[in-house]
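Enquirer: Handing you a structure now.
The values are calculated or read from the model by the stated rules, or taken from the named source; none is laboratory data. Values in this document were obtained by computation on a predicted structure and should not be read as measured data. Note that we place each Cβ from the backbone using ideal geometry, even for glycine, and neighbour counts take in every protein chain shown. Each accessible area value is taken on the protein alone, full model and side chains, heavy atoms only, with ligands, DNA and RNA left out. Shrake-Rupley method; radii C 1.70, N 1.55, O 1.52, S 1.80 Å.
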Amino acid sequence: YFRSLLKIPGRLIRNVDAPTIVLDVKFKHMAKLQAKRAEAISQGILVQESDDEVPASIRFGDQTLRAKIRLKGDWVDHLRGDKISLRVQVRDNGHLFGMRRFSLQHPAARGYQAEALFMDTLRSFGVLAPKFLFVNLVLNGQNLGIMAVEEHFSKELLESQGRREGVIIRLDESLVWAHDFDALRGFEGPFDDFQNAKVNAFQMSKIAESEDLSRDLRTATGLMRGFAERSLSASKVFDPELMGRFLAIADFWGAWHGLDWINMRFYCNPITLRLEPIGFDAELQIRRREGRSTTASPIAIALMEDNRVFDSYKRTASRLVDHFNDVNVILALDKLEKEHLRGLQREFVLLEEFDRAEIAGKAPDIFGDIEKDGDIALE
């Protein structure tokens with residue numbers, strides 16, 4: 001803490017060339033967002049409805065783009081203060097930073113730069129992960145400072161990582177919030193179970209207009225239901241290699257939050273006809289610092305019962321230990337983190353580097369525990 005205090009003057013005078021985007025929203029539309037925000041804060045959660053979006057315009061450099069925006073997030077921490085969380089959809093086939101759909105939120109909502117490091121690790125192992133960057137946001141003339149930009153689920157995410165366009169699905173959590181959530185006790189009840197959840201997809205209107213995507217959605221739904229009902233093994237539903245990698249990386253980083261079935265997202269690969277995991281919402285500021293996150297997730301436990309998934313997990317576990325002992329890997333992560341911290345630390349002056357020694361140091365303990373239990377033998 002004392003060392004951080006000594007660094008504050010240098011961080012405050014640092015010249016940072018962060019990209020600035022300007023979001024303009026008409027008064028009546030901003031009033032609608034504020035009314036929705038007040039309602040959510042009074043209820044303790046944000047309940048999304050079909051008419052929540054309002055029109056807006058985005059200016060970046062000499063670009064002006066039409067967009068639709070709405071509030072985002074389940075919990076009201078996304079809605080307190082000036083840095084409210086927003087979901088943005090660029091219209092007229094426009095793109096910003098190569099994205100048509102993305103979220104703007106307080107950097108703390110995703111653990112500042114830690115989310116970017118986690119997503120970078122996933123991509124380096126061939127697992128799908130959204131773009132994650134930071135911008136300076138001006139909303140209706142008010143400079144809100146640094147905000148995190150998180151890519152949403154769309155064909156741009158897939159195509160930028162070498163996948164063909166296909167459907168992206170999730171397990172429907174709406175009944176959990178409607179029936180199983182208690183403000184004092186949290187979630188409890190029959191709907192807080194991936195086996196009881198319906199399957200839905202992102203961009204349903206677009207899927208409905210395409211025979212190929214509609215067919216892919218039927219395939220994805222059937223696969224997921226088969227897994228949930230235990231009539232299909234995990235390796236017949238998911239890409240076992242990529243799923244094993246995803247689970248091992250989540251354990252390595254302590255990303256238990258991203259292993260909750262509510263937060264899991266899947267791409268149906270139209271070539272392999274298997275579901276692939278997509279990294280999302282790791283929230284490493286609340287990471288698990290001891291033990292394996294997969295042991296606390298019912299869906300992860302079910303996935304790891306498949307030998308092919310578990311074999312991939314074991315291989316990835318071994319690779320991760322070597323990965324974070326590789327000087328080139330550490331240097332690349334240091335460079336990525338410093339790029340993000342230059343802007344973040346000017347506003348969040350006590351923010352420090354992510355303690356990767358904690359991660360690399362606990363890796364042998366995590367995977368060593370498995371080895372001692374006789375479940376895994378690291379090469």
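Enquirer: Nearest 0.05, what FRET efficiency do Leu175 and Arg342 give at R0 = 51 Å with Cβ-Cβ as r?
Expert: 0.70
Enquirer: OK, next. So how strong a dipole does the chain carry about its Cα centre when Lys and Arg Cβ are +1 and Asp and Glu Cβ are -1, to the nearest 20 debye? Let's see the in-between values first.
Expert: On the way: 53 positive and 58 negative charges, 245 e Å.
So the dipole magnitude of the chain works out to roughly 1180 debye.
Enquirer: Something else about it: Taking the Cα centre of the range 203-313 as origin, sum charge times position over the Cβ atoms of Lys and Arg (+1) and Asp and Glu (-1), and report the length of that vector in debye to the nearest 20.
Expert: 140 debye
Enquirer: By how many nm would the segment from Arg123 to Lys236 grow when fully extended, if each residue of separation counts as 0.36 nm and the alpha-carbon distance is taken off?
Expert: Working: separation 113, 0.36 × 113 = 40.68 nm, distance 2.31 nm.
Contour length minus Cα-Cα distance gives 38.4 nm.
Enquirer: Also, quick follow-up: Could you work out the Kirkwood radius for the chain, taking every pair of different alpha carbons, averaging 1/r and inverting it, reported in Å?
Expert: 22.0 Å
Enquirer: From Cα pairs below 8 angstrom and at least 6 apart in sequence, can you work out the relative contact order of the range 140-298, rounded to a whole percent?
Expert: 23 percent
Enquirer: Along the Cα→Cβ direction, 7 angstrom out, place labels at Glu159 and Glu229. What is the inter-label distance in nm?
Expert: 3.6 nm
Enquirer: Please work out the FRET efficiency for the pair Ile41 and Arg289, using the Cβ-Cβ distance as r and a Förster radius of 30 Å; give the result to the nearest 0.05.
Expert: 0.45
Enquirer: Still on this model: Where does the chain land at 222 nm, in deg cm²/dmol rounded to the nearest 500, when only DSSP H runs of n ≥ 4 count, each adding -39500 (n - 2.57), divided by all residues?
Expert: -12000 deg cm²/dmol
Enquirer: Got the relative contact order for the chain handy, in percent, Cα pairs under 8 Å and 6 or more residues apart?
Expert: 16 percent
Enquirer: Lysines near Lys206 by alpha-carbon distance under 26 Å, same-chain residues fewer than 8 away left out - which ones?
Expert: Lys206 reaches Lys68, Lys72, Lys131, Lys155, Lys198.
Enquirer: Also, quick follow-up: What whole-number distance in Å separates the alpha-carbon centres of the range 273-307 and the range 131-170?
Expert: Comparing the Cα centres of the range 273-307 and the range 131-170, I get a distance of 23 Å.
Enquirer: Using the Cα centre as the reference, give the magnitude of the dipole from point charges on the C-beta atoms of the range 1-84 (Lys, Arg: +1; Asp, Glu: -1; all else neutral), rounded to the nearest 20 debye.
Expert: 380 debye
Enquirer: Using 0.36 nm per residue of separation minus the Cα-Cα distance, give me the extension gain between Lys7 and Glu209 in nm, one decimal. Please report the intermediate quantities before stating the final value.
Expert: Values: separation 202, 0.36 × 202 = 72.72 nm, distance 5.52 nm.
This chain segment gains 67.2 nm when fully extended.
Enquirer: Using only alpha carbon pairs under 8 Å that are at least six residues apart, calculate the relative contact order of the range 59-161 and give it in whole percent.
Expert: RCO, the range 59-161: 23 percent.
Enquirer: With a point put 7 Å past each Cα toward its Cβ, work out how far Asp17 is from Asp322 in nm, to one decimal.
Expert: For the pair Asp17/Asp322, the computed spacing is 3.9 nm.
Enquirer: Next up: How far apart, in nm, are two points set 7 Å out from the Cα along the Cα-to-Cβ line at Lys28 and at Arg80?
Expert: Spacing of the two 7 Å Cα→Cβ label points: 3.4 nm.
Enquirer: Thinking of the range 178-305 as a set of Cα atoms, what percent of all their pairs are more than 26 Å apart?
Expert: Details: 2121 of 8128 pairs.
Counting pairs separated by more than 26 Å, the tail of P(r) holds 26 percent.
Enquirer: Sticking with this one: With every protein chain present, what accessible area does Thr219 have (1.4 Å probe, heavy atoms only), rounded to the nearest 10 Å²?
Expert: Roughly 50 Å² of Thr219 is accessible to a 1.4 Å probe.
Enquirer: May I ask you to list the trypsin sites (Lys or Arg not before Pro) in the range 186-281 that are in a DSSP loop and have at most 11 other Cβ atoms within 10 Å of their Cβ?
Expert: Passing both the DSSP loop test and the Cβ count: Arg230.
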